[in-house]
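Q: If you scroll down you'll find the structure; I have some questions about it.
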Amino acid sequence: MKIPIILANWKSFKNPDEAKKWLEDITIINKLKPANYHENIILCVPFIDIPVLKETLKQLSQGLNFVLGAQNISLEEEKPETGETTVKMIKDYVFYIILGHSERRTNFNETEEMVNKKIKTCQDNGLKTIVCISNMQQLKSIIREFPSYKDFILYEPISAIGSGKIEDAKVSNEMAKKIKQDLKNTKVLYGGSVNAENVKNIVNKEFIDGVAVGGASLNPQSFWEILEYVGRKS
Ligand code: PEP
């Protein structure tokens, strides 16, 4: 039986103190009633929270296996660019990088070409990528450039993000199937309004390997409830 992958995307929420508190709180919740979820939980957080979380994870014997991820990197590997965070700066801190989230494509004009360049930079530096797509055109651009891409594709229909309602799980499953027809070795995650109530509808679908959780990952209790549901099923 497959054990779904769970990813938290904190977006631009939580300062380092709040991040540390989240980790401490979820550890306490899980000690009282262990969630029986033994897979790595991918925690994609703001850059500023990464060092404190890495340190706190070392100190806590927590029973939940978190691995850290970032949510973006600069286009260039190393270049004088005020305000940017390069892959070289964070590669010793994280395993994963989210790339091409729809909020970045829309609000920061990230093009398919830019996303592809960032994928290449991550691959050259040994980091695993979680590439967000919301349509077939974005998928095709990845396939053209990386025909044997084998990290994660995170399928997030724009209309579902932050809406409180997941996409019809049959539609998401069909999309995941199409993705896997072209990229045979990739894992496909679904994202968009997943919470403890609706996770059961999406997580058991045949072609979906896991879920990304945005809003519902910010509160340790609501995120733990997702882990608890998935742990119970596995
Ligand atoms: C996301 O945008 O990556 C996401 C999962 O958001 P939410 O769960 O808040 O819809």
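Q: With Gln138, Gln123 as the choices, which residue is touching a helix residue (DSSP H, G or I) at 6+ places or on another chain (Cβ under 8 Å), assigned to a helix (DSSP H, G or I) and not charged (D, E, K, R)?
A: Testing whether each residue is touching a helix residue (DSSP H, G or I) at 6+ places or on another chain (Cβ under 8 Å), assigned to a helix (DSSP H, G or I) and not charged (D, E, K, R) leaves just Gln138.
Q: Could you count how many residues in the range 181-206 are surrounded by fewer than 18 Cβ atoms within 10 Å (Cβ to Cβ) and under 24 Å from Ile143 (Cβ atoms)?
A: Counting residues in the range 181-206 that are surrounded by fewer than 18 Cβ atoms within 10 Å (Cβ to Cβ) and under 24 Å from Ile143 (Cβ atoms) gives 5.
Q: Would the range 83-93 turn up any residue that is of a type in the set (Val, Ile, Thr), surrounded by 17 or more Cβ atoms within 10 Å (Cβ to Cβ) and more than 22 Å from Glu113 (Cβ to Cβ)?
A: Yes - at least one qualifying residue is present in the range 83-93.
Q: Same structure again: Sort through Thr106, Thr129 and tell me the only one that's surrounded by fewer than 22 Cβ atoms within 10 Å (Cβ to Cβ) and closer than 21 Å to Gly191 by Cβ.
A: Thr106
Q: Follow-up. When both residues are 6+ apart or on different chains and their Cβ atoms are under 7 Å apart, which pairs have a first residue that lies in the range 216-234 and is closer than 10 Å to Ala196 by Cβ and among the hydroxyl-bearing types (Ser, Thr, Tyr), and a second that is open to solvent by less than 60 Å² (accessible area, probe 1.4 Å) and in a helix (DSSP H, G or I)?
A: Once the first residue is closer than 10 Å to Ala196 by Cβ and among the hydroxyl-bearing types (Ser, Thr, Tyr) and sits in the range 216-234, its partners that are open to solvent by less than 60 Å² (accessible area, probe 1.4 Å) and in a helix (DSSP H, G or I) give Ser222/Ala216; Tyr229/Val199.
Q: Just to check your reading of the model, which residue among Glu145, Glu228, Glu197, Glu174 is more than 15 Å from the ligand (Cβ to nearest atom), closer than 26 Å to Leu23 by Cβ, among the charged types (D, E, K, R) and modelled with pLDDT of 95 or more?
A: Glu228 is the lone residue from the list that is more than 15 Å from the ligand (Cβ to nearest atom), closer than 26 Å to Leu23 by Cβ, among the charged types (D, E, K, R) and modelled with pLDDT of 95 or more.
Q: Determine which member of the set Ser61, Ser74 is over 12 Å from the mean Cα position of the chain (by Cα), under 30 Å from Lys233 (Cα atoms), in a loop (DSSP other than H, G, I, E, B) and more than 16 Å from the ligand (Cβ to nearest atom).
A: Ser61
Q: Please name all residue pairs, on different chains or six or more residues apart, with Cβ atoms under 9 Å, provided the first residue is in the range 152-178 and is open to solvent by less than 40 Å² (accessible area, probe 1.4 Å) and polar (S, T, N, Q) and the second residue is in a helix (DSSP H, G or I) and more than 10 Å from the ligand (Cβ to nearest atom).
A: The qualifying pairs are Ser172/Ile202; Asn173/Ile202.
The values are calculated or read from the model by the stated rules, or taken from the named source; none is laboratory data. Note that the coordinates shown come from a computational prediction; the quantities given were computed from them, not determined experimentally. We place every Cβ from the backbone using ideal geometry, glycine too, and count neighbours over all the protein chains shown. The protein model used for the area step is the full one, side chains on, heavy atoms only, and it has no ligands, DNA or RNA in it. Shrake-Rupley method; radii C 1.70, N 1.55, O 1.52, S 1.80 Å.
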